[in-house]
Amino acid sequence: MQTNVLHWLDNTAKRYPNEMAIIDENYSMTWSQYRKKSLGIAKAIIEMNYGPKRPIVVYLDKSAAVLVSFMGTAYSGNFYSPIDTTMPKARVEKILEILEPGLIITSRNLFSAIKKLDYKGEIIVYEDIRCVDDFGDVLEIQEHILDTDLLYVLFTSGSTGVPKGVCISHGSVIDYIDWVVDTFSISFDDSFGNQAPFYFDNSILDIYSSMKSGAALYLIPRKLFSQPVPLLNYLKEKEISTIFWVPSALIVISKLKALRNVDLTGTLKRILFCGEVMPNKQLNIWRKFLPNVLYANLYGPTEITDACTYYIVDRDFRDDEPLPIGKPMRNTEIMVLDEENKLISDEGKPGELCVRGSCLSKGYYNNKEKTDSAFVQNPINDSYPEKIYRTGDIVQYNEKHELVYMSRKDYQIKHMGHRIELGEIETAVSSLEGVSQCCCLYDEQRCRITLFIDKEIPKEEINQMLMNLIPAYMFPGKVIVMRDMPMNANGKIDRVRLKELL
Ligand code: AMP
């Protein structure tokens with residue numbers, strides 16, 4: 001039985017010691033270098049008498065060094081928490097206040113930034129770590145890691161402005177990645193093109209599927225995500241077979257018709273996406289140019305270890321149809337609950353998506369109140385303690401009994417007496433000619449639906465086009481044209497910034 005994720009790194013380093021493991025913009029390392037350097041970090045941590053089971057903050061710019069620091073932390077019996085180095089100082093301090101780490105791993109160029117923080121603990125400078133050959137004490141610690149021990153804490157934005165640290169165990173990641181590698185037949189012959197920042201849960205799939213299978217992991221330079229043709233050329237040149245990106249990153253390419261310029265036939269085998277709605281109009285462009293690729297829509301919040309449902313695209317969709325999020329992953333149950341906590345199994349009835357299984361987070365770090373409100377007793381089971389996670393997402397079953405995402409519970413509005421899912425308006429608008437990205441928000445003060453859209457179309461014309469798609473009470477009362485939609489740190493449409501424009 002596998003009790004920790006490090007077995008993957010041990011086994012892959014043994015099987016493919018000299019093959020490429022991680023390739024970033026400036027540096028590349030083999031599987032044996034990856035393991036050795038990680039063990040070097042673990043040794044330094046243990047020599048400082050730090051841990052086990054304590055948080056270690058990784059404060060590094062995106063690079064192979066981040067992953068080595070993650071694994072070094074795990075080998076030392078502790079758990080990692082990455083912090084975005086571009087995050088404002090006040091927010092970093094909020095995270096440090098919650099996490100109370102006694103150790104931060106950083107690099108020389110970021111050392112002075114750490115010194116400016118309200119932080120008194122130890123610091124390891126990545127460049128100062130030496131590779132050593134005697135790992136006896138590290139391997140001894142590894143033996144004692146349980147699958148219920150934490151591997152990482154990822155911070156997500158809380159609605160109150162206080163970040164929440166989602167605690168994920170080794171066991172949840174093992175369960176998820178075993179499923180990913182089996183379901184998508186990932187092997188050593190594959191190579192991943194990583195888009196997700198390492199402080200965003202989508203990166204879990206890239207980091208650990210490559211580690212389990214021995215597939216090379218390319219960290220795509222961030223600047224390429226605003227240059228569609230060079231980005232596609234990069235995928236071709238590096239022979240990337242698998243990508244797992246947020247839909248917004250895929251849309252940048254389909255919107256600018258870059259697929260006409262670079263033929264990825266025979267290179268890209270799988271296009272997986274997760275994190276926000278993928279509009280079929282954009283997916284249809286990808287499917288037209290790359291019909292033989294496997295496309296899969298994964299769905300899930302950080303709290304259930306990246307993803308809990310999936311839909312492998314197996315039929316044609318019109319531009320104005322929603323793409324299903326499908327069915328639960330292995331060892332996971334999805335419960336759609338109505339307002340009285342009764343199970344919904346009928347088609348076409350919306351309810352909250354709740355999750356049961358090993359994928360569940362252990363809760364929010366040092367935040368009992370938020371943990372207790374999101375991770376609750378399974379209302380269908382009153383015989384023994386069993387937690388489910390309430391996602392706050394509204395879904396319904398379609399006629400094929402596939403789950404379809406409708407919107408966030410907080411985006412469900414009452415407008416002129418009608419209950420409206422803003423997501424439904426977005427699905428309709430995103431199918432209109434010329435529109436690539438859009439977002440709908442409700443202006444409570446003016447009781448008005450505001451539509452943000454990346455194409456200049458007068459409101460009357462939009463409403464005319466929407467006539468056949470949604471009822472008139474759902475039509476936007478105001479349209480704001482945004483040539484470039486603001487993106488948040490994870491690469492999704494930034495609703496918080498749009499709200500400021502209402
Ligand atoms: P995060 O915790 O940052 O990964 O965000 C999770 C949230 O993103 C979910 O609760 C959903 O609201 C949204 N989300 C994730 N995947 C999808 C998807 N495939 N389709 C629609 N929304 C999604």
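Of everything in the stretch 172-216 that's assigned to a helix (DSSP H, G or I) and among the small types (Gly, Ala, Ser), which residue is surrounded by the fewest Cβ atoms within 10 Å (Cβ to Cβ)?
213
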*Collect the residues in the stretch 105-158 that are within 16 Å of the ligand (Cβ to nearest atom) and of a type outside the set (Val, Ile, Thr), keeping them in residue-number order.*
152, 154, 155, 157, 158
*Please specify each residue of the stretch 463-473 satisfying the condition of being surrounded by 15 or more Cβ atoms within 10 Å (Cβ to Cβ) and at pLDDT 90 or above.*
463, 465, 466
*How many residues does the stretch 171-203 contain that are among the aliphatic types (A, V, I, L, M) and over 15 Å from the mean Cα position of the chain (by Cα)?*
3
*Which numbered condition residue 100 misses (of (1) among the acidic types (Asp, Glu); (2) surrounded by fewer than 18 Cβ atoms within 10 Å (Cβ to Cβ); (3) within 18 Å of residue 198 (Cα to Cα); (4) at pLDDT 95 or above)*: (3)
*asked:* Going residue by residue through the stretch 445-459, is there one that turns out to be surrounded by fewer than 19 Cβ atoms within 10 Å (Cβ to Cβ), among the polar types (S, T, N, Q) and not in a strand (DSSP E or B)?
replied: yes
*Please work out which residue is surrounded by the most Cβ atoms within 10 Å (Cβ to Cβ), limiting yourself to the stretch 354-411 and to residues that are of a type in the set (Gly, Ala, Ser) and over 26 Å from residue 324 (Cβ atoms).*
363
*When the stretch 201-215 is examined, which residues are found to be out of contact with any helix residue (DSSP H, G or I) (no Cβ under 8 Å at 6 or more places or on another chain) and within 14 Å of residue 84 (Cα to Cα)?*
203
*Would a scan of the stretch 486-495 turn up a residue that is surrounded by 15 or more Cβ atoms within 10 Å (Cβ to Cβ), away from the ligand (no atom under 14 Å from the Cβ) and not in a helix (DSSP H, G or I)?*
yes
*Residues that are closer than 16 Å to residue 491 by Cβ and more than 16 Å from the ligand (Cβ to nearest atom), drawn from the stretch 193-216*: 193
*Within the set of pairs 6 or more residues apart or between chains, which connect a residue that is among the basic types (Lys, Arg) inside the stretch 458-475 to a residue that is buried (at least 16 other Cβ atoms within 10 Å of the Cβ) with Cβ atoms less than 7 Å apart?*
459/476; 459/479
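The values are calculated or read from the model by the stated rules, or taken from the named source; none is laboratory data. On a predicted model such as this, the values are computed, not experimentally measured, just so you know. Cβ atoms come from the backbone with ideal geometry, glycine included; neighbour counts cover every protein chain shown.
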